[in-house]
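Every read-out reported here was derived from the displayed coordinates using simple, explicitly stated rules and does not represent laboratory data. The shown structure was predicted, so the numbers you read here are calculated from the model rather than taken from an experiment. Cβ coordinates were reconstructed from backbone atoms using ideal geometry, including for glycine residues, and neighbour counts include every protein chain displayed.
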Amino acid sequence: SQQGEEDPQALSIQEGENATMNCSYKTSINNLQWYRQNSGRGLVHLILIRSNEREKHSGRLRVTLDTSKKSSSLLITASRAADTASYFCATDSNTGNQFYFGTGTSLTVIP
Amino acid sequence: KAGVTQTPRYLIKTRGQQVTLSCSPISGHRSVSWYQQTPGQGLQFLFEYFSETQRNKGNFPGRFSGRQFSNSRSEMNVSTLELGDSALYLCASRQDILAEAFFGQGTRLTVV
């Protein structure tokens, strides 16, 4: 079964606004990764955050991780129309050889 | 550095046929894993290979099988295709356990 759940399932914002999406998971993790998927194509790796990290930045992306709440958030600042995509979080199994994906957040950025 | 390459990009097969999908990982990556993505079930783990050994397998019927070669390239085979096998099949490669996983563009399989 899928371990992660993203919230919200769908998000629509105006260009220039910030977008925040959340991911919750069920068991202990080693790390958590965020991915973007455009319209049924491959997954693009965005950022990896390890279980001993609380926050990480990459360009306009900011990821936080709260292991006590088993949750993570992805913030995209100053959104662009090109950010329109589905976003997934993925957590590693304890053995590190399997990803559990969330259900994804569909983000629409309106120009 | 070349990314993960999956071939073919699109496939149309008839029920009952079999299909083989290929994945070439990033150079130096020894772990390759496969996922099935459908609108109803989302991203489901199929199996993971590391240095030619299957280390983990998801909850899929035995019609789904895979293998990995000494150059880390991996193939996935689905026999006796069913309509429900229509999906986007994605493979991911990693340098080692707990590293970033990079995905290919996927193979879109349609079973008619």
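Evaluated at 37 °C with a viscosity of 0.692 mPa s, what Stokes-Einstein diffusion coefficient in µm²/s does the protein assembly as shown have when Rh comes from the Kirkwood expression over alpha-carbon pairs?
Using the Kirkwood radius from Cα pairs, D works out to 184 µm²/s.
Cysteines of the protein assembly as shown lacking any other cysteine beta carbon under 4.7 Å?
Here no cysteine comes out as lacking a disulfide-compatible partner, given the Cβ-Cβ threshold of under 4.7 Å.
Taking 2.2 N^0.38 Å as the expected size of a compact globular protein, what ratio does the Cα radius of gyration of the stretch A:38-97 give against it, to two decimals?
Normalised Rg, Cα atoms only: 1.23.
Just want the ordering: B:F47, B:F102, from fewest to most Cβ atoms lying within 10 Å of their own Cβ.
Listed from fewest to most nearby Cβ atoms, that is B:F102, B:F47.
Output the peptides A:19-28, A:100-109 sorted from most to least packed, where packing is the average of other Cβ atoms within 10 Å over each peptide's residues.
Highest mean packing first, the order is A:100-109, A:19-28.
Across the residues of B:51-64, average count of Cβ atoms on other protein chains within 10 Å? Let's see the in-between values first.
On the way: counts 0, 0, 0, 1, 4, 5, 1, 1, 1, 0, 0, 0, 0, 0.
Partner-chain Cβ atoms within 10 Å, mean over residues of B:51-64: 1.
Per-residue Cβ counts within 10 Å, from other chains only, averaged over A:39-46: what number is that?
6
Among A:G42, A:G16, A:G59, determine the one that fluctuates most according to a GNM of chain A built with springs between C-alpha atoms less than 10 Å apart.
The residue that fluctuates most here is A:G59.
Working from the pairwise distances between different alpha carbons, so that the mean of 1/r is found and then inverted, what is chain B's Kirkwood radius in Å?
This gives a value of 13.9 Å.
Extent of chain A along each principal axis, from alpha carbon coordinates, in Å, largest to smallest?
Computed over the Cα atoms, the extents are 42, 27, 20 Å.
Between A:S71, A:N31, A:V44, whose Cα lies farthest towards the positive end of the dipole of the stretch A:1-84 when Lys and Arg beta carbons carry +1 and Asp and Glu beta carbons carry -1, centred on the Cα centre?
Comparing the listed Cα positions along the dipole, A:N31 ranks first.
Mind putting together the pair-distance distribution for the stretch B:23-70? All Cα pairs, 10 Å bins, whole percent per bin, short to long.
25, 52, 21, 2
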